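Any read-out appearing in this document is the output of simple, stated calculations on the displayed coordinates, not a laboratory observation. This one's a predicted model, so the numbers in the text were calculated from it and none came from an experiment. As a convention, Cβ positions derive from the backbone with ideal geometry for all residues, glycine included, and neighbour counts pool all protein chains shown.
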Amino acid sequence: MDIITGLINNSIQSALQSDTSVANSKDRTNSEKTSSSGSRISNTTNSALQISARGHSISLLMQGANEFLRQELGPSYLPLARGQALLDQAVSMVTANTEIDIDGQALRNTLQQEHNIRETIPRPNPSSDSGNVFDFLSGSDREALEAAYDYAVENNLDADDVELAAGLLASDRRRQAAIASGTIYLVHEPSENAGKFIPQSSANLPNTDTSNPRQSLIDRVTSGDLFSKNPFLNQALFIEAAFRTLQLKN
């Protein structure tokens, strides 16, 4: 909020200087016409009060825009266009509801940086251990996940299942990218899981069984219960990705 506050304060300060200059001029003229026994609130004071009220109003608008983005943006596996559209709405919430002259593009850039709203995704490297595994998702992958996410929110379902689907699909996309580049990334677990592929998005997979979360996930996949509550997840795109990522026979 500090960057945004600075941006708004600059606009308010500019308006204040302009209004105060005009007010001072009027005040000098009015003082010549007002007797020493009279009393009234000076134009300068009135102007300062107006600016203060406008500053308070713009602060409330900014709080509303930030809260709007925090509630509506959603997870990073959703389409980039969704974030851009919400960003435009947030900017309009401020600029359309105040008389203060605000640089809309500067405000947009500030909100975009503060909420980490991306316009593009750099091509991810399947050989790298760093980065976001969701960057391997395609545009159509993200649109399918958006439909599932919106359905979960609208029907009060657990959005963790959507994140699980996103993690499994992203891991499958990463594996495909690794194969296409001539490499394959495998992680080996000791004991019963030795030699099996473990998705790099395992940090995104909810742990339903602390003793063996991977086996619990496998059981949900093989039983057909994995995405049964969400029809937008219960489709080949996500189920087949789960089987491939967990190296199961379908």
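Counted residue by residue at 0.36 nm each, then reduced by the alpha carbon distance between them, the extension gain from residue 216 to residue 105 reaches 35.1 nm.
Packing, as the average of other Cβ atoms within 10 Å across residues, places the peptides 127-138, 144-155 in the order 144-155, 127-138, highest first. The protection proxy used here, the mean number of other Cβ atoms lying within 10 Å of each residue, ranks peptides 58-71, 77-90 as follows, highest first: 77-90, 58-71.
Between residue 138 and residue 84, the FRET efficiency estimated from the beta carbon spacing at R0 = 22 angstrom works out to 0.80.
Distance between the 7 Å Cα→Cβ label points at residue 250 and residue 180: 1.8 nm.
When 120, 245 are arranged by Cβ crowding within 10 Å, least crowded first, meaning fewest neighbours, the order is 120, 245.
Segment residue 127..residue 158, full-extension length gain: 7.9 nm, with 0.36 nm per residue of separation and the alpha-carbon distance subtracted.
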